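Following: one structure in structure tokens, then a few remarks.
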Amino acid sequence: MILPGAWLAVLGGGQLGRLFAMAARQMSFRVLVLDPDRDCPAAAVADRHLCADYLDDAALAEIARSCRAVTTEFENVPAAALERLARDVVVRPHGAHVAIAQDRIREKQFLESSGAAIAPWRAIYGASDLAPHLLDGLLPGILKCSRSGYDGKGQCRVRDAAAALAAFNDFGGMPCVLEKQIDLATEISVVVARDAAGRSLTYPVAENMHAEGILDVSIVPARIAPALADAARAAALAIADGLDYTGVMCVECFVQKDDRLLVNEIAPRPHNSGHYSIDACLTSQFAQQVRVLAGLPLGDASLLRPAVMVNLLGDLWRHGEPHWERLLAEHNVRLHLYGKQTARPGRKMGHYTLLGDSAAPCYRAALRMREAIAGA
């Protein structure tokens, strides 16, 4: 075990790194964050900020010298940095697991090999892969860049082969995946934690709603049949076991109109849809990330009360600072702002969580609150 007082490092200083640092410091660990952005959100709460590239030799050497264990806040941190650090310190998750999630083609191949049900898809390496006769059963579909896409970026809905080719060219001809567009009933996600000994647990299933590819609202527990929730948790655990994963991971799933479950993608880190756990669970996903990283026993992930998490995007600031006093006047709401200096459309600036006795009235109240706090 790595005990409080030791130094932990996180690669990436965005909001997930900030929330990890807050959880670690609450447990009296010391936190070093590596991020090339001088004003990254995690820098304000970490004990130390190394402002350097993720592959900077001197920065990685300093982490290896001063820290006992290292984690990451997002999958686009170079896997090579994690693999280099793993020579000298504990690294969770492993660089190989992050590398799989960095590439949609590798991710789809892994999910298929693990037995997970996924949407029909095809790897697209060149224009010849988009010949009409090769796309039977895939259109209409969604063309996604294989690397570097998130929050709806690097994706395009396509109706036919000509549209798919045009989108592929717009993406610069980089490798992509073409997925069949699914007739969805809803989208859900499961956060799973797994320690180095293979012990694992799942958090309650979240029901997720998106706006323009960005998570908008998460409702917990998801309003789905108990058998479907059990199937989603079982799928998440099977994927974590198949990877021999160590850390906190989110598995995102589609629920079809006929209640069949399809795994969409994995995120080898805490996830936006798990933010409700900060206020609604005995052990938050970030405290769990600290516990797994430090080799401590997994914490209880039980849901204390139903919850609705609402993202606060930069669009909310279009007419000025939101009316926080209206939100904070509510006795059952917790506000979390990420300390970002500039609000931009689509940028995640914070979230709030509303707790209640059941999901449906919480959801309606949470949406009314967002309307009430919009700037003048």
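With (1) surrounded by fewer than 22 Cβ atoms within 10 Å (Cβ to Cβ); (2) in contact with an Asp or Glu (Cβ under 9 Å, 6 or more places away or on another chain); (3) aromatic (Phe, Trp, Tyr); (4) within 19 Å of residue 292 (Cβ to Cβ) as the list, and residue 74 as the residue in question, which single condition is left unmet?
(2)
Within segment 1-30, count every residue that is out of contact with any Ser or Thr (no Cβ under 6 Å at 6 or more places or on another chain), buried (at least 24 other Cβ atoms within 10 Å of the Cβ) and of a type in the set (A, V, I, L, M).
6
Which ones in segment 55-78 are over 25 Å from residue 287 (Cβ atoms) and in a loop (DSSP other than H, G, I, E, B)?
Those that are over 25 Å from residue 287 (Cβ atoms) and in a loop (DSSP other than H, G, I, E, B): 55, 56, 78.
In segment 153-180, what residues are among the polar types (S, T, N, Q) and at pLDDT below 95?
Scanning segment 153-180 gives a single hit, 155.
Looking at (1) hydroxyl-bearing (Ser, Thr, Tyr); (2) in a loop (DSSP other than H, G, I, E, B); (3) crowded, with 17+ Cβ neighbours inside 10 Å, can you tell me which one residue 352 breaks?
Every condition holds for residue 352 apart from (2).
Which residues, taken from segment 270-292, are closer than 16 Å to residue 195 by Cβ, outside any helix (DSSP H, G or I) and in contact (Cβ under 8 Å) with a residue 60 or more places away in the chain?
Selection gives 270 alone.
Sort out which residues of segment 242-251 are under 10 Å from the mean Cα position of the chain (by Cα) and surrounded by fewer than 24 Cβ atoms within 10 Å (Cβ to Cβ), and write them in order of number.
Answer for segment 242-251, where residues must be under 10 Å from the mean Cα position of the chain (by Cα) and surrounded by fewer than 24 Cβ atoms within 10 Å (Cβ to Cβ): just 250.
Scan segment 17-36 for residues that are over 20 Å from the mean Cα position of the chain (by Cα) and of a type in the set (D, E, K, R) and jot them down.
Once the filter is applied, which keeps residues that are over 20 Å from the mean Cα position of the chain (by Cα) and of a type in the set (D, E, K, R), segment 17-36 yields 25, 30.
Do the conditions hold for residue 119, that is, is it surrounded by 14 or more Cβ atoms within 10 Å (Cβ to Cβ), more than 15 Å from residue 264 (Cβ to Cβ) and at pLDDT 95 or above?
Spelling it out, it is not the case that residue 119 is surrounded by 14 or more Cβ atoms within 10 Å (Cβ to Cβ), more than 15 Å from residue 264 (Cβ to Cβ) and at pLDDT 95 or above.
Just to be sure before I move on: is residue 43 surrounded by 15 or more Cβ atoms within 10 Å (Cβ to Cβ), over 22 Å from residue 95 (Cβ atoms), under 24 Å from the mean Cα position of the chain (by Cα) and at pLDDT 95 or above in the structure I sent?
When the stated conditions are applied, residue 43 passes them.
Right, residue 81: modelled with pLDDT of 95 or more and crowded, with 21+ Cβ neighbours inside 10 Å or not?
Criteria met by residue 81.
Tell me, which residue of segment 232-269 that is among the charged types (D, E, K, R) and assigned to a helix (DSSP H, G or I) is farthest from residue 77 (Cα to Cα)?
Checked segment 232-269; the qualifying residue farthest from residue 77 (Cα to Cα) is 233.
Only one of 225, 193, 185 is among the hydrophobic types (A, V, I, L, M, F, W, C), in contact with a Lys or Arg (Cβ under 6 Å, 6 or more places away or on another chain) and over 30 Å from residue 126 (Cβ atoms); which?
185
Would you pick out the residues in segment 252-287 that are over 9 Å from the mean Cα position of the chain (by Cα) and under 19 Å from residue 92 (Cα atoms)?
Selection gives 283, 284, 285, 286, 287.
Could you please give the count of residues in segment 305-331 that are under 15 Å from residue 347 (Cα atoms) and either of a type in the set (Phe, Trp, Tyr) or part of a helix (DSSP H, G or I) (or both)?
4
Which of the residues belonging to segment 177-216 are charged (D, E, K, R) and surrounded by 15 or more Cβ atoms within 10 Å (Cβ to Cβ)?
Within segment 177-216, 179, 180, 187, 194, 195, 207, 216 qualify.
Select from segment 159-187 the residues that are part of a strand (DSSP E or B) and in contact with a Gly (Cβ under 6 Å, 6 or more places away or on another chain) and write down the one among them that is farthest from residue 233 (Cα to Cα).
It comes out as 178.
Under 6 Å by Cβ, and 6 or more places apart or on different chains, what pairs join a residue from segment 116-143 that is closer than 24 Å to residue 184 by Cα with one that is part of a loop (DSSP other than H, G, I, E, B) and basic (Lys, Arg)?
140/159
The values are calculated or read from the model by the stated rules, or taken from the named source; none is laboratory data. It should be emphasised that the depicted structure is a prediction, and the values quoted were computed from it without experimental measurement. Every residue, glycine as well, gets a Cβ built from its backbone with ideal geometry; the counts of neighbours run over all protein chains shown.
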